[in-house]
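Undergrad: A single structure is presented below for examination.
The values are calculated or read from the model by the stated rules, or taken from the named source; none is laboratory data. Source: prediction; values computed, not measured. FYI the Cβ positions are ideal-geometry reconstructions off the backbone, even for glycines, and counts take in every protein chain you see. Only protein heavy atoms, including side chains, enter the accessible area calculation; ligands, DNA and RNA are left aside. Shrake-Rupley method; radii C 1.70, N 1.55, O 1.52, S 1.80 Å.
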Amino acid sequence: MEVIHVTAESSPTVADAIIRRLREHGVRHVFGYPGGQITPLYDALYRTQGIRHILARHEQAAGFMADGYARATGNPGVCLAVCGPGVLNAATPLATSFTDSIPVLMLSGQIPIKGRGLRSGFYHENDQLSACSTFTKLQVRVEEPGAVFREVDRAYMATMDRRPGPVLLEVPLDVLRQPVPAPAPPVPLANTLMPSRPIDITALAERVESWRKPLLLAGGGVVSPYASQLFVQVAERLGAAMFHTLSGKSAVPGDHPLARGLPWHQATSDLTSMGPFFSPLFSEADGMLAVGCRFTQASTGSWTLPQPPALAQIDIDEAELGRHYPVKVGVHADAADALRALLAKLPGSRRQPWAPPVTPRAPWRLPGIDLLGTMRRLLPRDAIIAADITRLSYIMLSEFPVYEPRTFLHPAGFVAMGFGLPAALGAKAAFPNRTVLTVMGDGCFQMCGMELATAVQEKLPVIVILINDRSLTLIKAIQERRYESRFIGVDLRNPDFGLLARAFGLRSWQVDSDAQFEPALQQAVASGETAVIEVRVAE
Ligand SMILES: Cc1ncc(C[n+]2csc(CCOP(=O)(O)OP(=O)(O)O)c2C)c(N)n1
């Protein structure tokens, strides 16, 4: 239904002002899906140079694309969705960004001001600001044309302020069409929102230096090139063993001699009884410095991970300090700022590592096929991997080394299926010259597979590793473990994925052995085109 007549405007409107302002903030990509109340924003995009719109096939995918873009770049991802059904379709990615502290701006319209309130009869009527209030860090509504620059600045910059996260900005259709009364003021500098303040790190430095057997734990707050580098330097000075959480995966280079990976090397289906899988170093250490991490259920095996006798913590969110475990020293600061200050206080020499070298374990493999070894050999070091909610992703979190920050994208906190392909597309938009790959189960793929059309139309070639095991294995494993194998709702009758790929004009490979997987991945990487590699898991 389209009942709104949009006329061409000559002077800048609020919609023009919003798009131009975002461009001034550095936004170059907007992931979206159109609708009646946001047509002025689309028209503004049409008339504004230097900002690209990427059309998804569903607002959920647009949201995941913005999230994937933000995870891969560190800059806010921007998505655009119509008020009501569009924004609510994107509720899951917004909650994903909220849980993992990913900066995303969701830009939306709203029905005209006179229709405010429910049951007014306007189509798409909604109260999306309330609906999304528990999973967006800020909700902004612009009702006065004169407020547009201030409010767009506030919304955009809030995505990055202190703990990053998603912000919802809505503007009613009639306001979007109005002229802007005054010229744009200068764009405020990012650091005016979060002035860096002197951090007193003395107590922390004394504490960590007193430990003979220290551990360092990196969370998502350390996933940036600068923070990651500082984190590694602190570990080297202290001779500490470095662990990372699920969100902190790419913060620690997997081939560093002090890197010890996740706290566990294997997870159970319901994250209980994980004792045998925890690293023994947690029981042997005499202190741990945790940086930018939340101690989630998944990272700690439902909080049964043994804790060293002393914990120090650095976090941008004061509420995280001591939330799960008592802390001896808590530092409320940005991870990089605090690590830099800590480094300056530590002696310049490097201590000998106390933890024994890693003892290699037999690598995980599917019957007949070594996915991880082949992928690591064939993918460039800086390849970006978007790992959906599938068994292989959890194995990769534990066993697949990545080397650079922002190269492993995973919805660790909200655990939302359907993330992989769109997040990969978002990353590819940001880095057209890097290899981008997604790992998906057959369940995950069928939640967002239509985004293959986006990959083709928008020329965002990504590689899809699709594990076809005809089941929702992670849930089936719980039914096996807890419900005496009473399997219900977990077996999939799948389409022919090769034919499906062909319907999008894409090349695909069906593989079930090393001899097939290796050349398929080689060709897919070399082709520079979107490719689907279906890994057929034996019955
Ligand atoms: C949107 C959403 N719905 C349901 C779940 C619960 N869930 C977690 S894993 C999983 C199965 C995933 O299946 P698949 O993609 O085939 O991967 P596999 O488990 O087979 O490795 C389900 C249903 C979820 N995490 N997200």
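Undergrad: What fraction, in whole percent, of alpha-carbon pairs in region 439-521 exceed 18 Å separation?
TA: That fraction is 51 percent.
Undergrad: Ok, one more. Rg and Dmax of region 372-536, using alpha carbons, in Å: what are they?
TA: In order Rg, Dmax, the Cα atoms of region 372-536 give 15.3, 49 Å.
Undergrad: While we're looking at this one, here's another question. Ignoring ligands, DNA and RNA, what percent of the 1.4 Å accessible area of region 372-536 is carbon and sulfur?
TA: Answer for region 372-536: carbon and sulfur cover 51 percent of the accessible area.
Undergrad: If you roll a 1.4 Å probe over the heavy atoms of the protein chains, what accessible area per residue do you get for the chain, in Å²?
TA: So the chain comes to 42 Å² accessible per residue, rounded to a whole number.
Undergrad: Can you pull the three principal axis extents for the Cα set of region 198-345, in Å, largest first?
TA: 44, 31, 27
Undergrad: For Lys459, list the aspartates and glutamates whose Cα falls under 15 Å from its own Cα; do not include residues on the same chain fewer than 8 positions away.
TA: Those aspartates and glutamates meeting the cut-off are Glu451, Glu529.
Undergrad: Just from the alpha-carbon atoms, what are the Rg and Dmax of region 14-176 in angstroms?
TA: Calculated on Cα positions, Rg and Dmax stand at 14.0, 42 Å.
Undergrad: For region 14-176, which whole percent of the accessible surface, found with a 1.4 angstrom probe, sits on carbon and sulfur atoms?
TA: Percent of accessible area from carbon and sulfur atoms in region 14-176: 51.
Undergrad: Taking N as the number of residues in region 410-455, what is its Cα Rg relative to 2.2 N^0.38 Å?
TA: 1.13
Undergrad: Right, here's the next one. Calculate one ³J(HN,Hα) per residue across region 380-391 by plugging θ = phi - 60° into the Karplus curve 6.51 cos²θ - 1.76 cosθ + 1.60, and present them in order as whole Hz with x for glycine and proline.
TA: Values per residue, Gly and Pro as x: x, 4, 9, 4, 9, 10, 9, 9, 6, 8, 9, 4 Hz.
Undergrad: Please report how far the C-alpha centroid of region 509-527 lies from that of region 107-146, rounded to the nearest whole angstrom.
TA: Each part's Cα centre sits 48 Å from the other's.
Undergrad: Please report, for the Cα atoms of region 274-359, the Rg to one decimal and the Dmax as a whole number; what are they, in angstrom?
TA: 14.2, 38
Undergrad: From zero up to wherever the largest Cα-Cα distance of region 122-219 sits, split into 10 Å bins and tell me the percent of pairs in each.
TA: Whole-percent P(r) values from 0 Å outward: 12, 28, 26, 15, 11, 6, 1.
Undergrad: Same structure again: Once the whole set of protein chains is in place, how much accessible area is left on Val456, using a 1.4 Å probe, in Å² to the nearest 10?
TA: The accessible area of Val456 comes to roughly 70 Å².
Undergrad: Between Arg482 and Trp303, what FRET efficiency comes out of the Förster formula 1/(1 + (r/R0)^6) with R0 = 22 Å and r the beta carbon distance, rounded to 0.05?
TA: 0.70
Undergrad: In this model, which of Lys114/Lys137; Lys213/Lys328; Lys249/Lys428 are farther than 23 Å apart at the alpha-carbon?
TA: In this structure, Lys114/Lys137 exceed 23 Å between Cα atoms.
Undergrad: Can you give me the P(r) profile for the chain? Cα pairs, bins 20 angstrom wide beginning at 0, each as a whole percent.
TA: 22, 51, 26, 1
Undergrad: To continue, here is another question. Tell me the carbon and sulfur percent of the accessible area for region 198-345, rounded to whole percent, probe radius 1.4 Å.
TA: Result for region 198-345: 51 percent of the exposed heavy-atom area is carbon or sulfur.
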